[in-house]
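The values are calculated or read from the model by the stated rules, or taken from the named source; none is laboratory data. Treat the numbers as computed from the prediction; the structure is a model and nothing was measured. No Cβ is skipped: glycine too gets one built from the backbone with ideal geometry, and neighbour counts run over all protein chains shown.
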């Protein structure tokens, strides 16, 4: 009779791969050992692991000629691994069938806990790397991020930040052993009067964890200063109103703000947070009911660029997650949009646009020729050529794509604004003025808005009629096939009242 089962066990969890278990990262709680099909139902089979010693697993009775799955608890394997590591021995898996031992299968066991990067410890009541000595004891904590396990031994180390100084106090050791059923996964240690005796000094605090026979690397260092009063928190100043007048911003054909390539310097504003733990990350949130864009922000510097009128909340967050904010109110922005360009509109028809013969939406008005000149000059800087302005905005028109925009000037000869003028400026590129002249304030609106001063071609292309149908004007020199568009302006609040 053979004294040895001649088949090694299988480990189905590893799908035929060479078994390698890292006790720090492996989330399983037991190893599955599969005994292959053997003849003789009713025979008893049991799993074992051996190294510097032996641990047993579950046992079963064959009920048919089929494989049997047995288990070995990970806790037992870890104990065996620790002992084998000390004795420089390997670990293997085998089974016994009616007391007869099988061939072994080697296991590759490791524990990467020794090389894991541990987070820095916390100091209780710490704010922005300062701790108030009004409570005399120093209390340090290892947080849940360290993934402590029951029985872990934590040693805290203390040093003064200044070079050449002796240790302020010896290392402190504590064992992680929370009450049964406790959800707490952190560990604290206390140094009596550790703060009261060190006001004005800085500590460097770290720790290491011993888990079984394995000791971790030293954790990241937390440097804190002991102060007599409350710690200084992050600050970002009070609310602020930023007046950009006069400044023009246009929406592209999709309704998205598209600032000039080189915005007017008055459109910018920068504020830097103080206190806390730099560096800071900055963000902006529109506070408008329709969430329209008010500012954009550079996350690393806090510099704002105005993109509309209204209010926005500006927040600075430090590296510890502390934050502070202020509210900025932006005024003085002339917002433009192409009212007949974008989804659902066709700018190439011959018939007049219905929108040109109707009142503009509430809060918007038809532009005048001077408005178009101001828009063009505002967007010209940074463009390769003057005809690139409308193309940059995604509006109709271009060097080889003439079109007309409606204006609201009272002179009938200025009813249409030639698109090439917007893009090419009478065929040559003028020198932009040093600064755009302020647009004069519009007259106070009458109680009832007058009919819009919009004009359209007739279908014969030889005359132009007002939208009221009262008068006809000869305008045969304007080609009816050139597309016609309507732009709108939203004036800033209190336009012209900057003082």
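Considering segment 26-65 alone, what residues qualify as being loosely packed, with under 14 Cβ neighbours inside 10 Å, outside any strand (DSSP E or B) and under 55 Å from the mean Cα position of the chain (by Cα)?
Within segment 26-65, 27, 28, 29 qualify.
Of the residues that make up segment 193-213, is at least one assigned to a loop (DSSP other than H, G, I, E, B), under 30 Å from residue 78 (Cα atoms) and touching a helix residue (DSSP H, G or I) at 6+ places or on another chain (Cβ under 9 Å)?
Scanning segment 193-213 turns up at least one residue that is assigned to a loop (DSSP other than H, G, I, E, B), under 30 Å from residue 78 (Cα atoms) and touching a helix residue (DSSP H, G or I) at 6+ places or on another chain (Cβ under 9 Å).
Does residue 203 meet the test of being at pLDDT 85 or above and within 37 Å of the chain's Cα centre (by Cα)?
yes
Residues checked against (1) surrounded by 15 or more Cβ atoms within 10 Å (Cβ to Cβ); (2) in contact with a strand residue (DSSP E or B) (Cβ under 9 Å, 6 or more places away or on another chain); (3) in the same structural domain as residue 83 (by TED's automatic domain parsing):
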| position | (1), (2), (3) |
| --- | --- |
| 202 | yes, yes, no |
| 218 | no, yes, no |
| 223 | no, yes, no |
| 250 | yes, yes, no |
| 253 | yes, yes, no |
| 256 | no, no, no |
| 260 | yes, yes, no |
| 275 | yes, yes, no |
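Working only within segment 162-176, note down all residues that are assigned to a loop (DSSP other than H, G, I, E, B) and touching a strand residue (DSSP E or B) at 6+ places or on another chain (Cβ under 9 Å).
The answer is 162, 165, 166, 167, 168, 169, 170, 171, 176.
What about residue 345, is it modelled with pLDDT under 90 and either out of contact with any helix residue (DSSP H, G or I) (no Cβ under 7 Å at 6 or more places or on another chain) or surrounded by fewer than 18 Cβ atoms within 10 Å (Cβ to Cβ) (or both)?
Yes.
Quick check: anything in segment 228-237 exposed (fewer than 15 other Cβ atoms within 10 Å of the Cβ), part of a strand (DSSP E or B), outside the structural domain of residue 126 (by TED's automatic domain parsing) and on the phi < 0 side of the Ramachandran plot?
Yes, segment 228-237 contains a residue that is exposed (fewer than 15 other Cβ atoms within 10 Å of the Cβ), part of a strand (DSSP E or B), outside the structural domain of residue 126 (by TED's automatic domain parsing) and on the phi < 0 side of the Ramachandran plot.
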